[in-house]
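Structure first, then comments.
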Amino acid sequence: MNLAIVGGGIAGLAAAVKSYQSGVEAITLFEGSDRVGGKIRTSWFLGHLIEEGPDAFLTREPYALDLAALVASDNDFVSPSASAALIGRSHRLYRLPKGLVLGAPTSARQIIQADLLTSTERASALAHFFLRPHAELSTDNLGLATRRRYGRAVEDYLIDPLVGGINASSIDHTSMEIVAPAIAKILQSRRQSSFSRPTQPARPPFLSVRDGLESLVAACTAFLIDRGVTVKVSTPVKALEIQNRGWVVRTSDGDQLFDAVILATPPAQSSDLLRNLAAPAAELLNGIPTSSVAIITVGLARPPVRIESDISGILSPAPEKRLITAVSFAHNKWPHWCEPGTGLLRISVGRRFDLRHTQLSDDALVARVLDEASGLLNEKLDPTETRVTRWPSSFPQFLPHHRKRIELLQETVTSLPPLAFAGAYVGGSGIPTCIKSAHRAVDRIIQTTSDT
């Protein structure tokens with residue numbers, strides 16, 4: 001089989017590795033930009049390697065660890081040195097109660113201890129907690145489900161800042177099945193006390209690589225090239241065409257024939273490639289919204305005074321109307337990113353329905369977030385260096401019943417030559433989930449070709 005993989009992010013790379021492992025005879029990976037890795041980007045800042053995209057991966061599922069072990073034998077994994085989080089409400093900072101699951105309380109005690117809520121809000125949350133223990137769960141809308149179970153304040157100030165912040169979304173427009181299955185398990189328990197917490201994992205829940213996550217990208221690329229896989233950068237795919245029972249992939253280098261294609265490109269790009277071949281599939285892909293975000297990296301001569309060493313960051317709830325969605329204290333979380341005694345912040349902006357940052361220049365954006373962060377910390381921040389990294393239309397949004405959309409998407413292309421989809425929009429954000437989607441795409445291609 002001759003396989004084309006379109007898109008060189010981590011999903012595309014993982015699909016190429018999985019295809020090689022599965023015995024695919026010829027593999028070509030096409031990447032439109034001048035580098036592979038997609039949103040994984042490691043760079044130098046004030047003499048240290050830092051991340052401009054994701055800074056870690058979840059270890060709950062083994063996909064990222066397994067890939068790293070396969071392509072490199074000398075991985076130096078590191079776990080976050082700080083994990084406690086604060087919520088910024090009005091002009092105060094509050095610690096999140098311990099034991100929350102993605103911000104969702106599992107006991108009445110956690111609601112009582114949530115001092116960022118007013119006494120009226122805590123009373124309302126407790127009333128929901130005790131009087132509606134079996135809140136109806138016919139909805140896949142995470143916001144609606146948690147509001148029924150806990151009330152509005154818990155949704156706005158505990159769950160949405162965490163889940164919505166991670167996904168650059170509002171949980172009121174988010175699939176619980178895709179984004180927060182752990183919360184679904186809590187809500188489905190007959191009694192909150194019957195919810196069984198997972199056993200303590202043998203490894204840290206989050207890991208990164210000391211030399212940067214892009215070293216994993218480089219290891220994947222070297223693994224592929226050493227084994228005869230063709231990796232083409234600066235080669236955008238302009239069109240796909242069907243010829244006989246296979247595909248023609250059209251690029252600036254000319255046309256190439258393939259037996260099968262895996263699209264590991266963002267939904268809008270995949271939609272464009274399929275518009276003239278499979279209009280229903282293109283429409284389904286085009287209906288997946290995305291959010292634009294930016295990360296502002298800020299170097300400081302010293303860490304903020306009020307922030308203790310176990311604090312990894314501050315979350316800013318949407319009702320506060322700040323541009324900032326989160327401030328990560330990288331000097332606490334990843335001490336190897338900066339010199340001892342200095343401060344390093346990663347400030348995030350952008351979520352669905354909030355495009356204010358896209359209308360600001362880099363200089364204006366830096367000034368705005370420094371002003372907001374200074375207000376949160378109650379001290380003026382005087383940076384030694386700043387950097388703005390923009391990720392336009394980079395976060396797929398998982399609307400309620402998203403999984404059904406993806407199942408229908410795959411069904412609509414069954415009459416075409418072998419075709420599968422991979423990437424964050426398929427099954428959820430995060431490096432392991434992207435790799436998982438790539439594995440499933442390869443399995444689908446192999447099954448389809450073996451059946452013909």
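Given Thr221, Thr199, Thr230, which one is closer than 30 Å to Ser73 by Cβ, out of contact with any Cys (no Cβ under 6 Å at 6 or more places or on another chain), modelled with pLDDT under 95 and of a type outside the set (Asp, Glu)? Even if it seems obvious, please write down each step before you answer.
Details: Thr221 fails: modelled with pLDDT under 95; Thr230 fails: modelled with pLDDT under 95.
From the options Thr221, Thr199, Thr230, the qualifying one is Thr199.
Within the set of pairs 6+ apart or on separate chains, which have a first residue in segment 32-43 that is within 12 Å of Ala264 (Cβ to Cβ), a second that is in a loop (DSSP other than H, G, I, E, B) and polar (S, T, N, Q), and C-beta atoms under 8 Å apart?
Qualifying pairs under 8 Å: Gly32/Ser234; Gly32/Thr235.
Report whether or not Glu283 is in contact (Cβ under 8 Å) with a residue 24 or more places away in the chain and more than 22 Å from Ala14 (Cβ to Cβ).
Criteria not met by Glu283.
Return only the number of the condition from (1) part of a helix (DSSP H, G or I); (2) of a type in the set (Ser, Thr, Tyr); (3) surrounded by fewer than 17 Cβ atoms within 10 Å (Cβ to Cβ) that Ser415 does not satisfy.
With respect to (1) part of a helix (DSSP H, G or I); (2) of a type in the set (Ser, Thr, Tyr); (3) surrounded by fewer than 17 Cβ atoms within 10 Å (Cβ to Cβ), Ser415 is out only on (1).
Per-residue answers, yes or no, for (1) touching a Gly at 6+ places or on another chain (Cβ under 6 Å); (2) hydroxyl-bearing (Ser, Thr, Tyr); (3) surrounded by fewer than 20 Cβ atoms within 10 Å (Cβ to Cβ):
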position	(1), (2), (3)
Asp363	no, no, yes
Asp371	no, no, yes
Ser374	no, yes, yes
Asn378	no, no, yes
Gln397	no, no, no
His402	no, no, no
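Please work out if Ala301 is at pLDDT 95 or above, surrounded by fewer than 21 Cβ atoms within 10 Å (Cβ to Cβ) and not charged (D, E, K, R). So that I can check it myself, show each step before the final result.
On the way: at pLDDT 95 or above: yes; surrounded by fewer than 21 Cβ atoms within 10 Å (Cβ to Cβ): yes; not charged (D, E, K, R): yes.
When the stated conditions are applied, Ala301 passes them.
Just one of Thr342, Thr290 is surrounded by fewer than 22 Cβ atoms within 10 Å (Cβ to Cβ), of a type in the set (Ser, Thr, Tyr) and touching a Leu at 6+ places or on another chain (Cβ under 7 Å); which is it? Before you say what the answer is, go through the steps one by one.
Working: Thr290 fails: touching a Leu at 6+ places or on another chain (Cβ under 7 Å).
Just one listed residue meets the conditions, Thr342.
Tally time: how many residues in segment 75-92 are farther than 16 Å from Arg203 by Cα and either touching a Cys at 6+ places or on another chain (Cβ under 8 Å) or buried (at least 17 other Cβ atoms within 10 Å of the Cβ) (or both)? I'd like the intermediate steps shown before the answer.
Initial filter on segment 75-92 (farther than 16 Å from Arg203 by Cα): 84-92.
Filter once more, keeping what is either touching a Cys at 6+ places or on another chain (Cβ under 8 Å) or buried (at least 17 other Cβ atoms within 10 Å of the Cβ) (or both): 85-89.
Count: 5.
Scanning segment 18-48 for residues that are outside any strand (DSSP E or B) and among the hydroxyl-bearing types (Ser, Thr, Tyr), which turns out nearest to Leu344 (Cα to Cα)?
So the first thing to find is which residues in segment 18-48 are outside any strand (DSSP E or B), and the list is 18-25, 31-36, 38-41, 46-47.
Of the ones still in play, those that are also among the hydroxyl-bearing types (Ser, Thr, Tyr) are 19-20, 22, 33.
Details: Ser19: 40, Tyr20: 40, Ser22: 43, Ser33: 29 Å.
Among residues in segment 18-48 that are outside any strand (DSSP E or B) and among the hydroxyl-bearing types (Ser, Thr, Tyr), the one nearest to Leu344 (Cα to Cα) is Ser33.
Among the residues of segment 5-50, count how many are of a type in the set (Val, Ile, Thr) and either within 19 Å of Ala420 (Cβ to Cβ) or out of contact with any Leu (no Cβ under 8 Å at 6 or more places or on another chain) (or both). First the steps, then the outcome.
Of segment 5-50, the ones of a type in the set (Val, Ile, Thr) are 5-6, 10, 17, 24, 27-28, 36, 40, 42, 50.
Narrowing the set further to residues that are either within 19 Å of Ala420 (Cβ to Cβ) or out of contact with any Leu (no Cβ under 8 Å at 6 or more places or on another chain) (or both) leaves 5-6, 10, 17, 24, 27-28.
Going through segment 5-50 one residue at a time, the tally reaches 7.
Exactly one of these conditions fails for Asp160: (1) out of contact with any Phe, Trp or Tyr (no Cβ under 9 Å at 6 or more places or on another chain); (2) modelled with pLDDT under 95; (3) under 30 Å from Ile288 (Cα atoms); (4) assigned by TED's automatic domain parsing to the domain that holds Phe129. Give me its number.
Looking at each condition in turn, Asp160 falls short on (2).
Looking at (1) part of a loop (DSSP other than H, G, I, E, B); (2) over 22 Å from the mean Cα position of the chain (by Cα); (3) crowded, with 16+ Cβ neighbours inside 10 Å; (4) among the small types (Gly, Ala, Ser), which is the only condition Ala4 fails?
Every condition holds for Ala4 apart from (1).
Considering only residues that are touching a residue at least 40 places away in the same chain (Cβ under 8 Å) and under 26 Å from Tyr425 (Cβ atoms), which ones fall in segment 286-308?
Matches in segment 286-308: Gly287, Ile288, Pro289, Thr290, Ser291, Ser292, Val293, Ala294, Ile295, Ile296.
Specify which of the listed residues (Ala56, Ala64, Ala72) is buried (at least 21 other Cβ atoms within 10 Å of the Cβ), in contact with a Ser or Thr (Cβ under 8 Å, 6 or more places away or on another chain) and either over 25 Å from Arg148 (Cα atoms) or of a type in the set (Val, Ile, Thr) (or both). Break it down into steps so the answer makes sense when it comes.
Values: Ala64 fails: in contact with a Ser or Thr (Cβ under 8 Å, 6 or more places away or on another chain); Ala72 fails: buried (at least 21 other Cβ atoms within 10 Å of the Cβ).
Step by step, each of Ala56, Ala64, Ala72 is checked, and only Ala56 is buried (at least 21 other Cβ atoms within 10 Å of the Cβ), in contact with a Ser or Thr (Cβ under 8 Å, 6 or more places away or on another chain) and either over 25 Å from Arg148 (Cα atoms) or of a type in the set (Val, Ile, Thr) (or both).
Keeping to segment 275-295, report how many residues are part of a loop (DSSP other than H, G, I, E, B), farther than 16 Å from Phe398 by Cα and either of a type outside the set (Lys, Arg) or touching a Gly at 6+ places or on another chain (Cβ under 7 Å) (or both). Even if it seems obvious, please write down each step before you answer.
First, the residues of segment 275-295 that are part of a loop (DSSP other than H, G, I, E, B): 275-278, 287-289.
Now narrow it down to the ones that are farther than 16 Å from Phe398 by Cα: 275-278.
Pick out the ones that are also either of a type outside the set (Lys, Arg) or touching a Gly at 6+ places or on another chain (Cβ under 7 Å) (or both) and you get 276-278.
Residues flagged as part of a loop (DSSP other than H, G, I, E, B), farther than 16 Å from Phe398 by Cα and either of a type outside the set (Lys, Arg) or touching a Gly at 6+ places or on another chain (Cβ under 7 Å) (or both) within segment 275-295 amount to 3.
The values are calculated or read from the model by the stated rules, or taken from the named source; none is laboratory data. A quick note: this is a predicted structure, and the numbers were derived from the prediction, not measured. Methodologically, a virtual Cβ is constructed for each residue, glycine included, from the backbone with ideal geometry; neighbour enumeration extends over all protein chains shown.
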